[in-house]
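Below is one structure, written out as structure tokens; the observations come after it.
The values are calculated or read from the model by the stated rules, or taken from the named source; none is laboratory data. No experiment lies behind these values; they were computed from the predicted model shown. Ideal geometry is used to build each Cβ from the backbone, glycine not excepted, and the neighbour counts take in all protein chains shown. Just so you know, the surface numbers come from the protein's heavy atoms only, side chains and all, with ligands and any DNA or RNA stripped out. Shrake-Rupley method; radii C 1.70, N 1.55, O 1.52, S 1.80 Å.
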Amino acid sequence: MNNEDTICAVATGKGGAIGIIRVSGKDAIKITDKIFTTASKTKQPLAEHEANTITYGRITNGDQQIDDVLVSLFRAPHSYTGEDSTEISCHGSTYIQQQVMQLLIDNGCRSAQPGEFTRRAFLNGKMDLSQAEAVADLIASTSAATHRMAMSQMRGGISIRLASLREKLLKLTSLLELELDFSDHEELEFADRGELRETASGISDEISKLASTFSIGNAIKNGVPVAIIGETNAGKSTLLNALVGEDRAIVSDIHGTTRDVIEDTVNIGGTTFRFIDTAGIRDTSDTIERLGIERTFKKISQADIVIWMIDATAQCADMTETSEKIIPLCKDKQLILAYNKTDIANQPLRMVIDKLPLQTHEINISAKYGTNIDRLRQMLVTAAGIHAIPQDDVVITNIRHYEALTIAHDAISRVIQGLDNNLPSDLIAQDLRDCLHHLAEITGGEITSEETLQNIFKHFCIGK
């Protein structure tokens, strides 16, 4: 990848009335000028136009007119990439866009690689690496929650938090480095060990708090996993269909109809939920059904919220044997006991279960007729807890960021241990440098490797 090239790409999807072609690089304006003729009487070339202006004209190939267009002009460093750039707004015809792209390439451009515009923005200091990654998250956002998190990251939410940590770490490091410079004078101590430990402990707490948000951030980004479990014929598949609004799962009075896991996603109150309909729990000699039940227990352990469907018409409310398998897996999860078929139950049962999790909720529903399904949806939103997160709070959604924070936390933990054990300053300083290094990996800094950049930007779309 040559960052000196002038690049171009279609920046809009297919099917729209308007298409936009981006051009960026040192020759962006000159190359655009070669194929563009302004409609103004002065025929002033783009190179003489002021920055941040839009000019109406036409794209031509010799005597052949390709399309009437608008050209937006941006000059370095005041553009998305930090380079001279143009954006050609033409009609959305695939043929027209291909013709314009071909003309740009014939006159000196090359096709941009995935994410190359944003990569150049990062390399030119227009944004740090965490903000660049947020661009892809913003494009991929499918709910209010994912949009809010991406916007927070693009505005530098993570960067600001990390800058504060970096400042504290640099202060610690400088004090220890100063001691090393005067190591011949053993009587000199520039850093009080008690104060150092207190500061390091505070940094450790902040890093740990940031890393701990990854579980909820990952759930928001990929959908909050909700396992629908229960005995056979309790109405699990009927509930899944009611929640997603379509016949996603087969519904039957025959026990054991669902033998494998069925998943679907739906947006509720601005949050994406990933519902998992599981095989009914019962004793069976059927090998395939038994494998499905084993998968059910695995999905319970992977879910954040568990909806336990209970047939309210059942004669026996004692489900001790089933609960002994389920309850241990629901520890630290939100558990909703949904008593189904209340439309035909004379007196809905209440299960006799010991040691239910503290975060257990109960609701009477009829999945078949939709009774209390809206209330159940609201319970799910509340149980997810996403709207309880403050608007300005930083939430980690990127596995790369989480891994860097985890390694940085290990490093600062070694610093604390070193201070407790009176280790030499040079050993403690090395762990501090390790912590700084891994925090810097999140935003890029001067240590970002080419391999890291390639891995990040290859997942971007063309034109961004």
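Once amide H atoms are placed 1.01 Å from N in the peptide plane, what residues at a sequence separation of 5 or more from ASN398, or on another chain, have their amide H within under 5 Å of its amide H?
Placed amide hydrogens put nothing under 5 Å from ASN398.
Mind listing P(r) for the range 87-239? All alpha-carbon pairs, 5 Å bins, whole percents.
All Cα pairs, binned at 5 Å, distribute as 1, 7, 9, 10, 10, 11, 10, 9, 8, 7, 6, 5, 3, 2, 1, 0 percent.
For labels at ASN267 and ASP205 in the simple 7 Å Cα→Cβ model, what's the distance in nm?
Once both label points are built, they end up 3.9 nm from each other.
Under the 0.36 nm per residue contour assumption, what length would be gained going from the current alpha-carbon distance of SER301 and ASN124 to full extension?
Numbers: separation 177, 0.36 × 177 = 63.72 nm, distance 4.47 nm.
Going from the current span to full extension adds 59.2 nm.
Estimate the FRET efficiency between VAL244 and SER72 by the formula 1/(1 + (r/R0)^6), using the beta-carbon distance for r and 60 Å for R0, to the nearest 0.05. List each step's numbers first, then the result.
Values: r = 42 Å, r/R0 = 0.70.
With R0 = 60 Å, the Cβ-Cβ based efficiency is 0.90.
How many nm is it between the label spots at ASN107 and ALA345, if each spot is 7 Å from the Cα in line with the beta carbon?
Here the modelled spin labels are 7.2 nm apart.
Show me, for the range 197-210, the HN-Hα J-couplings you get by feeding each phi into the Karplus relation (A = 6.51, B = -1.76, C = 1.60, θ = phi - 60°), rounded to Hz, glycine and proline as x.
My calculation for the range 197-210 gives 5, 4, 5, 4, 5, x, 5, 4, 5, 5, 5, 4, 5, 4 Hz in order.
Taking R0 as 60 Å, what FRET efficiency do you get between ASP410 and ALA47 from their Cβ-Cβ distance, rounded to the nearest 0.05?
0.65
Could you list log10 I(q)/I(0) for the range 1-160 at q = 0.13, 0.14, 0.16 Å⁻¹, which the Debye formula gives when each Cα is one point scatterer?
So the normalised log intensities are -0.65, -0.74, -0.93.
Please compute the per residue accessible area over the range 1-156 with all protein chains in place, 1.4 Å probe, rounded to a whole number of Å². Before the final figure, lay out the partial values.
Numbers: 7270 Å² over 156 residues.
About 47 Å² of surface per residue is accessible.
Return the lysines within reach of LYS368: Cα separation strictly under 20 angstrom, same-chain partners fewer than 8 residues apart disregarded; answer none if there are no such residues.
LYS236, LYS341
Per the Debye formula with a single identical scatterer at each Cα and no solvent contribution, what log10 I(q)/I(0) holds for the range 70-151 at q = 0.22 Å⁻¹?
Taken in order of the listed q values, log10 I(q)/I(0) reads -1.13.
Provide the packing ranking of 424-435, 78-89, 30-41, 56-67, i.e. peptides ordered by the mean count of other C-beta atoms within 10 Å per residue, highest first.
Details: 424-435: 19.2, 78-89: 21.5, 30-41: 16.7, 56-67: 13.5.
Ranking, from highest mean packing down: 78-89, 424-435, 30-41, 56-67.
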